[in-house]
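Visitor: Next up is a structure, given as structure tokens.
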Amino acid sequence: MALFLFLCFLFSIIVSQAKAGDPVYCDSSRGNYTTNSIYDNNLKTVLSSFYSHTEINYGFYNFSYGQDPDKAYAIGVCRGDVKPNDCRRNLNNSIGYLREQCPNQKEAIVWAGDNTLWYSSRSIFGIVETNPTQYLIYERDASNADEYPQALSNLMGYLLFIAASGDSRQKYAADSLTLNDPANFATIYAYVQCMPDLSQQECTTCLFHPISEIQKCCNGRMGGNIFKPSCRIRFEPYRFFNSTILLDSPSLPPSPSTNNTSLGNNKRRTVIATAVPIVAVVLVLILIWIYLRHRKPKTNYEANMGKYDDGGDEEMTIAESLQFNFDIIKVATSDFSHSNKLGQGGFGIVYRGKLPNGQMIAVKRLSTNSDQGDVEFKNEVILVAKLQHRNLVRLLGFCLEGKERLLVYEFVPNKSLDYFIFDPTRKTQLNWETRYTIIKGIARGILYLHEDSRLRIIHRDLKASNILLDDEMNPKISDFGLARLFVIGQTEGSTNRIVGTYGYMAPEYAMHGEFSVKSDVFSFGVLVLEIITGHKNSANICHGEDVEYLLTYAWRSWREGKAINIIDPSLSNFSQDEIMRCIHISLLCIQENVVDRPTMASVALMLNSYSLALSIPSKPAYFMGGGIGRLPDMQQQVDNVGATRLDESVNQISITDPYPR
């Protein structure tokens, strides 16, 4: 007993001295302000409202002042057992402390012992935010390690249900649970709290996060605090709260005596004994609700897309395991903020994001009126999930939430190939060694799709903007929304819906809808010529008095023995033999006759074996004898920096520009 009193005394000293050490988060990503600026004055006005607001409000204050973009928002909430006057005084202290710790950040939050203060330049009213997270841990292990976690879980589940059921004035619950070992600090005191302007469902969702993190941060400990912007929890082996204020009365009921009688203990045990089964039922219902909520995307997935041809139940299992919670993606991308925008295409916008574990991601958010329908979305999820290769972009998951359709990929930092290869300045960063590595990497990726994966996949939209570059400039093929799966033994297919990008399309596909592995070989040949020359396939190239486009110009130059003329002038110190061989291979890939084109297995062998003799190419597809070679209905192309670009795709098809990435 003496030891217990000593520890309590010691903790009271720590708490009283730790006011200056309350957890604080200064969010510089939201922007900064200067002293006496418009935002600073608006913030001062809002914060001064806390103390001047004297009517009974049960410890919750939310104010805003000013006009966007300098409007200031602030929330203050006190623990449910704190009297209004004490609450305002303590919040006033927190204001001074937070302003001192975060002197110029537009958004900041402090979690004091009995209150939370949060201000921002964006609206923070009625939203669920579970990041950032702060922890304070009571560094003492529970002596009854087997019983303690289960009892704590029961108590927290009970408190969650009570708090979430509160109204807009207060969502707070506190109680204690006595175990069967009173000699070893066997009473658990705990409280949970949400921002009162959250709905019951939102409060439940918010509190579920910190309660589920207890095992991660505080497993086996006798106490801990977990702080999140929209909610917080705390549990200790000693009483740190008074009885909850009754909402019908501003005054506090008398605190229970610390010298509990045996009758009081029996009553408490009876209440807990009655409550625990109720809590168990409530927890089961909550878990069922969460499970069904998480399964909802799968239901939409099945209803809208049906079973995929290649495997039914297996695809559904894959899809279920890859589903992301929409709230997690929303937080990771800062609510899809413009500052995190990587690029925009015909199907939607790509955002940079950061998961709670620190992993960077790229999120493709399909627009609600996107022409990429359920079939394309299904392709991205099912096909890419099964593909694992260093030269393919890895799909991490997806999200279906109402009208939202999101694809989550690994983050590839060095943007896309077209960002470099077609820019007069940036192309100088790609020497021949790097370009040759990119060519061979793309070939390996396509070969994997065609022959080495357990599926045979035709990409159908290989182009420079769909080749992403990692931090070492290694290529990764992306955007599988238009890919088609071949069953075992199938070598070709046809479609009435021509999708892809003119300039990269094989002629038999562009004109008749016939596609095969040789369609991708054609696209690869075009890509190689673009990498070598630095020209877009649709660019006008002057040849004497004639104007040609890339494929015609390359073939004519090679036939005349002047292929060296098509090499990008920015290249220097290159191996002429390697470049000449790559030009030769590319011309074989763009043959008009499908049979004359090599397979990707042959292409890979040609790129890596100089002893293999190459056949003589004939004139390529789309060659116009009069000297002007042009694809039908070629759309105007403009520089694609940023989001203002007229893309070269036809039939309103896949254009995803994920740069800057």
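Here, each number is a calculation from the coordinates, and none is a lab measurement. All values reported here derive from a predicted model rather than from experimental measurement. Positions of Cβ are backbone-derived with ideal geometry, glycine not excepted, and every protein chain shown enters the neighbour counts.
Visitor: Using a 10 Å cut-off around each Cβ, can you sort TYR409, TYR65 from fewest to most neighbouring Cβ atoms? Please report the intermediate quantities before stating the final value.
Guide: Values: TYR409 24, TYR65 18.
So the residues, fewest neighbours to most, are TYR65, TYR409.
Visitor: Now a separate question. For segment 16-125, treating each Cα as an identical point scatterer without solvent, what Debye log10 I(q)/I(0) comes out at q = 0.14, 0.18, 0.21, 0.24 1/Å?
Guide: -0.50, -0.83, -1.11, -1.38
Visitor: Something else about it: Where does each of PHE377, PHE60 land when they are ranked from fewest to most other beta-carbon atoms within 10 angstrom? Write out the running numbers ahead of the final one.
Guide: Values: PHE377 23, PHE60 19.
So the ranking, lowest neighbour count to highest, is PHE60, PHE377.
Visitor: Please work out how much length the chain gains when fully extended from MET511 to ARG30, using 0.36 nm per residue of separation minus the C-alpha to C-alpha distance, in nm with one decimal. Provide the component values of the computation, followed by the final result.
Guide: Details: separation 481, 0.36 × 481 = 173.16 nm, distance 5.11 nm.
Computed gain between MET511 and ARG30 is 168.1 nm.
Visitor: Rank-order 593-599, 232-238, 167-173, 464-470 by packing density, defined as the average count of other C-beta atoms within 10 Å over each peptide's residues, highest first. Write out the running numbers ahead of the final one.
Guide: Numbers: 593-599: 15.6, 232-238: 22.0, 167-173: 19.6, 464-470: 23.7.
Averaged packing, sorted descending, gives the order 464-470, 232-238, 167-173, 593-599.
Visitor: log10 I(q)/I(0), Debye, Cα-only segment 95-150, no solvent, q = 0.13, 0.19, 0.27 Å⁻¹?
Guide: Listed by q, the Debye log ratios stand at -0.53, -0.81, -1.26.
Visitor: For SER49, project a label point 7 Å along Cα to C-beta. Then give me every residue of segment 66-99 with its amide nitrogen under 15 Å of that point.
Guide: The answer is 66-68, 70-77, whose backbone nitrogens lie closer than 15 Å to the label point.
Visitor: Sort 325-338, 216-229 by packing, meaning the average of other beta carbons within 10 Å per residue, with the highest value first. Display every interim value, and only then the final one.
Guide: Working: 325-338: 17.4, 216-229: 19.1.
Top to bottom by mean Cβ count within 10 Å: 216-229, 325-338.
Visitor: Turning to a different aspect of this structure: Return the long-range amide H neighbours of GLY343 (sequence gap of 5 or more, or a different chain), with a cut-off of under 5 Å between placed amide H atoms.
Guide: VAL350
Visitor: Which whole-angstrom value gives the distance between the alpha carbon centres of segment 386-430 and segment 131-150?
Guide: 41 Å
Visitor: Calculate the FRET efficiency for GLU472 and LYS83 from the Cβ-Cβ distance with a Förster distance of 51 Å, rounded to the nearest 0.05. List each step's numbers first, then the result.
Guide: Numbers: r = 61 Å, r/R0 = 1.20.
Computed FRET efficiency for GLU472 and LYS83: 0.25.
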